[in-house]
Amino acid sequence: MSDDRKCECGHTNPIGTVLCESCGKPLLMTDAELEEADNFPSMRYEGMARRSKTYSRKLVDKVWNFFSSVKIAVIIIIITLVMASVGTILPQKMYVQVPLLDEQMTRDYYSGTYGLFGDIYYLLGFHEMYNSWWFVTLMAMIGISLVICSLDRIIPLYKALRKPRINQHLAFYRGQRLFIPLPVEGAKELDATMDQTKGWLKKRGYKIFGEGTSILAEKGRISRWGPYINHVGLIVFLLGVLLRGVPAFHIEEFIWVREGQTVSIPGTKLFVKNLEYKTEYYAEDEYVEELGMKEGMVIPKNFQTDVIIYKNENENLPGAEPNLTQVKEGPITVNHPITYQGISLFQLDRREQILGALNFTLIDMDSPDSKEIGEVKIDLFDPSSEIKVGENYVVRILDYFPDYQMGTDNRPQTKGVLPNNPMVAMEIVDTKTNVLERVAYVAGGFVQQNENTPRFQLATHMPDLIDSSGLIVRKDTMLPLILFGAIVSMIGLVMGFYWNHRRIWIHMEAGRIYVAGHTNKNWFGLKQEAKFLMKHLNLSNDLVAVQDKDKKKNT
Amino acid sequence: MGKEKRIYMRIGVLGILLIALVFAIYSSISKPGLLKVGDEAPNFSLKDREDKNVTLADLKGKTVILNFWGTWCEPCRNEMPALEKIYQKYKSDDVVVIGLNVGEAKLTAEQFIRQVEVTFPIWFDSRKEVTKRYSVGKMPTTYFIDKDGVIRVIKTGEMTERVMEQLLSETKQ
Amino acid sequence: MIELSGNLLLGAFILYLIATMLFTVAITGRKWSNRDPEEHATKYGRIGMVVSLIGFILHLGQIVLRWAAAGRSPTSNMFEFISLFAFFIVAGFLILYYLYRLTILGAFSMPLAAIMLAYASVFPKEITPLVPSLQNYWLQIHVSTVSLGEGILAIGFAAGLMYLIRTIPQKIRSKSTFMLELTISVILMMIGFIVVSFALQSPNMATTFEFPVYDANNPGVVKEMQQVEYKLPAIAGPQDYTIIKEGPMKPLFETPTFMHGLDAARKFNTVIWSVMSGLVLYGLLRLILRKRIAAAMQPAMDDIDPELLDEISYRAIAIGYPIFTLGGLIFAMIWAHEAWGRFWGWDPKETWALIVWLFYSAYLHLRLSKGWLGEKSAWMAVVGFVIILITLVVVNLVIVGLHSYAGV
């Protein structure tokens, strides 16, 4: 069974063709209907058969047709944008500053801060919306729609645009929105008008096809590909985003590194050492104008961490001592990450002036002139249990609580690991005589074992203050692909919207000459063009009328 | 294009798109590296109280109760006596409790250990690398690992002795 | 130089207002006695164009001078951004005028630009040095491009609004007439907010409150005390407030608990003032005009070809959309990657930019593939602009995120 249709001009067309591929005659209309210009079918795809419109029995075809429909695509887009906006009403979990270590804490946070609304928000999963299976499905469906819509339409468009369609049937011209029968008579005048028009169109940049009685002048055909190039770009973009899901292509971590500390970079065999962190503020004279700011308020100019990146030559077993070789050194500032082998470290956060070490001087009251014996430095992150001072003295650390508080059962304990409120219980020993005394440093002061006349005293000095840098670790091998997709998409948009495909036909038949025109966008501009043509031919502007036929059609 | 060819083409395209959809959903909900029951417990190497290097692999053949704790964590302190009891009870049965201290100075941890008076091995994860690898967030978290090194139970939160017994017997099966 | 720049901006603003009046006279004054309507419209239209152009040049001068004074492009705070947006609205108008020569478009475009400029002036104007995250060329490129795109899309809105006023039948009440009045009252709320902010700017009008901030993890436990200053008289006070410095009135009630954030109460108060003043303005206009506002405007638009308006609205969107895509999405992603290491993080501003983009994609598909024209298309152009305003106003001021600027 053949699926073709024969036209009166002799050409056989595939089923579903609306305008004959060869001469442009509307195939599905009777002669009587043809007289009524209003009924001319849509010029979409030059009247070629669009496959999905013609088959719809099997499941495969039904699914295909579903995704190839623009209406469905628009619905998916609108659902996506509505849901995306709902996700912004309350802060997403990833942006909440408070650490939410498990589901219960998360739920408590949302219901505690936002009441019933927050609780419902949490229960519906809206607090983690953009990575949820259903939101991802929505976006994937946009992607699927992009692929199928494009595939479905690109082939008929290619076939339609492959050859310039000169179309010789008068019914074709009459059915165009721009149709001007010229008030020119006589064989000589007809020929002259034909030549004049051809010449003028050529000067306006049109390419001329055809000879004799049927001419096509065409401009900007390539802009028809714009939407498809745009869609291809978007598909490539989404493909890049999708492939990021492969673990090897994507790393995303956050680490805190104190000054002086070396920390492993998760997901890699690399380590990073924080040499120094500093914040620079704008100086008074760097302000362009008086800002009238409150006392002490400053504006930061630069956040910078100087780091060294090392590679672990060992197996990289968690917790094992690494064998480090230096591979890179440099600064990290906001907007300027440091990169090594595709891994980048970004400056994101900082904690400044945290206690790093306590500094004391040991004084022996029994020695002549209450002599200062020596310095005692207590590293608050890794204190040694014994510190030798001078020749004969030892300070032993008995207890250390980084963040001291009195527990519920009157037992001293720590709130956490960071030394926000250090308490150190020490015993100071004179090794020559084995005299020892206990003293505790707590809340900035001392508690002596020997309350009245302690033998040993510690004088406090400025503690070591250190900074800690919060760095983001990123690896994203798909970025070039994603960028490429975005650029292609832009090119497609520019092609499609800033140029249009204009065609002007000139046709001589039975002693009359007809001008017809079509454009895919900007009819106003085509009308203007036609008016200029009329002026050039010394004919009246009023001849130019763009008919409303196509507008009401639902295509 | 022939009818059949067209259908095969469409099935092919839809099939690829379906795979892409499934992959997209899967990669958005799965957290690579997050350990779950049935995974092999990743090996690691830390220092023990005598400052010797010890690894998880050393314990292959034994059932391991890996307990992540910190001195600031009240529930961790509360379950220490129960952990010690379990340790003593099943020592001869090739069960070992390992207390993993999360990122604290040895000094702080040692003084805590002296207070709670536990005898099971304590290893020090001073750089928190193991804590990170085992995705430990809220504490205490305890991993029950069987003789072949497979994770059988991941428990977050304080355990009573009874719960420990129960989970241990599950692991030994 | 900064002062001159400020004066230029004031000049531009005044000229935009004058242009608005001229364009309005051009449409409405046609039916006055002893005038030839065509000639009248053309004459005033032309003067309006000249005034707009001069205003535009002054505005350009302001931008250039401010750029020179600050050493960087004027794209880093709310004031700079919104005045740039106003500038590009005028630019969009000029572009569409060049294509279609419809001077009357100015009657809606220029007031839009003037309103935007006035809105910008509500914000602190000082040239502040750039904080580290803003120290990037891509910032300047992203902000100026997206602003241009949005300015052109705004003309799509203006033409769409004109279309609706021109074509919606006003003889009987309908869903459309109601929605149109609603749209107009929202615009009036914006004007109301600006008027109220300027009228009530003196220190006597300010109230300072102190209020407790509760610990998110321990409800009922006070974490710290905070202070906030209301520039507008207090209608809704912060939760559990105490007054430190009295203002013209005491709050009538407290802000509901679910409004979270240190500035939530102040912003809520501002919103209340805007809505109220907008409704008051609307009420007054209805009283004076004795009919629906759109109905009062309709006769003046009778001579305008609605299809031309429809075409202009679409064309503006077709021109602005690729620019918005480039500036609001692509350049934004490049900058986000350089600053924060991830090109997309679903923070509220990024998400809303995507929402704008998706919405206009839907608009274009419905128009080009489904033949949506006329009223349906015009409404979408209006809604699209509302979404843009949401990204400007709500996301910056109400929702907290990486992107927020200071607020009023």
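With all protein chains present, how much of the accessible area of chain B (probe radius 1.4 Å) comes from carbon and sulfur, to the nearest whole percent?
That share works out to 54 percent.
Need one number: % antiparallel among DSSP beta bridges in chain C, to the nearest 5.
85 percent
In chain C, carbon and sulfur make up what percent of the accessible area (probe 1.4 Å)?
Reported share for carbon and sulfur atoms: 66 percent.
Looking at C:327, C:182, A:492, which one has the Cα that reaches farthest to the positive end of the dipole of the protein assembly as shown (charges on Cβ: Lys, Arg +1; Asp, Glu -1)?
A:492
From the phi of every residue in the range B:58-63, what ³J(HN,Hα) in whole Hz does the Karplus formula 6.51 cos²θ - 1.76 cosθ + 1.60 yield, where θ is phi - 60° and glycine or proline is x?
With the stated coefficients, the range B:58-63 comes to 4, 9, 4, x, 10, 7 Hz.
For the range C:188-290, with the dipole built from +1 on Lys and Arg beta-carbon atoms and -1 on Asp and Glu ones, taken about the Cα centre, which of C:214, C:226, C:248 lies farthest toward the positive end?
C:248
Based on the Cβ-Cβ distance of residue A:283 and residue A:352, what FRET efficiency does E = 1/(1 + (r/R0)^6) give at R0 = 22 Å, to the nearest 0.05?
0.75
Where a Cα-Cα gap under 17 Å defines reach, which lysines qualify for residue A:311, not counting those fewer than 8 residues away within the same chain?
A:269, A:273, A:328, A:475
Looking at the protein assembly as shown, send over the antiparallel percent of its DSSP beta bridges, to the nearest 5.
Of all bridge pairs located within the protein assembly as shown, approximately 90 percent are antiparallel.
Can you list the lysines whose alpha carbon is less than 23 Å from that of residue A:58, not counting same-chain residues fewer than 8 positions off?
Those lysines meeting the cut-off are A:71, B:3, B:5.
Counting only other chains, what is the mean number of Cβ atoms within 10 angstrom of the Cβ of each residue in peptide C:129-137?
6
If you take every residue apart from residue C:321 with its C-beta less than 15 Å away from the C-beta of residue C:321, what net charge results, scoring Lys and Arg +1 and Asp and Glu -1?
+2
Please give, to one decimal in nm, the separation of the simple spin-label points placed at residue A:531 and residue C:284, each 7 Å out from Cα toward the Cβ.
Modelled inter-label distance: 4.2 nm.
Grab chain C and count how many Lys pairs have their alpha-carbon atoms under 24 Å apart, sequence gap of 8 or more, or different chains.
19
For the range C:85-91, what does the Karplus curve 6.51 cos²θ - 1.76 cosθ + 1.60, with θ = phi - 60°, yield as ³J(HN,Hα) per residue in whole Hz, taken in order and with x for Gly and Pro?
Here the 3J(HN,Hα) series is 4, 4, 4, 6, 5, 5, 4 Hz.
What FRET efficiency do you get for residue B:49 and residue A:436 if R0 is 35 Å and r is their Cβ-Cβ distance, rounded to the nearest 0.05?
0.90
For the range B:28-95, compute the number of Lys pairs whose alpha carbons are separated by less than 20 Å, excluding pairs fewer than 8 positions apart on the same chain.
The number of close lysine pairs in the range B:28-95 is 11.
Tally Lys/Arg at +1 and Asp/Glu at -1 over every other residue whose Cβ is under 9 Å from the Cβ of residue A:302; what's the total?
+1
Return the whole-Å distance between the Cα centroid of the range B:74-116 and the Cα centroid of the range A:203-276.
For the range B:74-116 versus the range A:203-276, the Cα centre distance is 53 Å.
Enumerate the lysines that residue A:25 could reach by cross-link, defined here as Cα to Cα under 18 Å, with residues fewer than 8 away along the same chain left out.
A:6, A:159, A:163, A:549
With a 4.7 Å Cβ cut-off, tell me which Cys residues in the protein assembly as shown come up empty for a partner.
Cys with no partner Cβ under 4.7 Å: A:149.
Order the peptides C:191-201, B:67-77 from the highest to the lowest mean number of other Cβ atoms within 10 Å of their residues.
The most tightly packed comes first, giving B:67-77, C:191-201.
Using the Cα centre of the range B:45-172 as origin and beta-carbon charges of +1 (Lys, Arg) and -1 (Asp, Glu), tell me which of B:151, B:71, B:109 is placed farthest towards the positive end of the dipole.
My answer, from the dipole projection, is B:151.
When you look at the Cβ of every residue in A:260-272, what mean number of other chain Cβ atoms sits within 10 Å?
1
Using a 1.4 angstrom probe, figure out how much accessible area the range A:376-445 has per residue, in square angstrom, rounded to the nearest whole.
Value for the range A:376-445: 48 Å² per residue.
Considering the Cα positions of chain C, please state its Rg to one decimal place and its Dmax as a whole number of Å.
When restricted to Cα atoms, chain C yields Rg and Dmax of 22.2, 76 Å.
What does the structure give for B:4-11 when I average, per residue, the other chain Cβ atoms found within 10 Å of the residue Cβ?
4
Might you report the magnitude of the Cβ-based charge dipole of the range C:34-172 about its Cα centre, with Lys and Arg at +1 and Asp and Glu at -1, to the nearest 20 debye?
For this selection, approximately 160 debye.
Quick one: putting +1 on the C-beta of Lys and Arg, -1 on the C-beta of Asp and Glu, what dipole do you get for the range C:188-290 around its Cα centre, in Debye to the nearest 20?
Once rounded to the nearest 20, the dipole reads 560 debye.
How large is the charge dipole for chain C, taken about the Cα centre, if only the Cβ atoms of Lys, Arg (+1) and Asp, Glu (-1) carry charge, to the nearest 20 debye?
For chain C, the charge dipole is close to 980 debye.
For a quick size check, give me the Cα extents of the protein assembly as shown along its three principal axes, largest first, whole Å.
134, 80, 51
Mind checking the log10 I(q)/I(0) for the range A:356-463 at q = 0.19 Å⁻¹? Debye, one equal scatterer per Cα, no solvent, two decimals.
-0.96
Give the separation of the Cα centroids, the range A:388-443 to the range A:89-117, in Å.
39 Å
Just to compare against my own numbers: the Cα pair-distance distribution for the range C:188-290, 10 Å bins, whole % per bin, please.
In order of increasing distance, the bins hold 15, 41, 27, 12, 3, 1 percent.
Taking the Cβ-Cβ separation of residue A:93 and residue B:5 as r and a Förster radius of 51 Å, what is the calculated FRET efficiency to the nearest 0.05?
That pair, residue A:93 with residue B:5, gives E of 0.55.
Kirkwood hydrodynamic radius, the range B:45-172, all distinct C-alpha pairs: what's the number in Å?
Hydrodynamic radius (Kirkwood, Cα only) of the range B:45-172 equals 14.4 Å.
The values are calculated or read from the model by the stated rules, or taken from the named source; none is laboratory data. Quantities reported herein were computed from a predicted structural model and do not represent experimental measurements. Glycine gets a Cβ as well: all are built from the backbone with ideal geometry, and neighbour counts include every protein chain shown. Areas reflect the complete protein model, heavy atoms only, side chains present, ligands, DNA and RNA absent. Shrake-Rupley method; radii C 1.70, N 1.55, O 1.52, S 1.80 Å.
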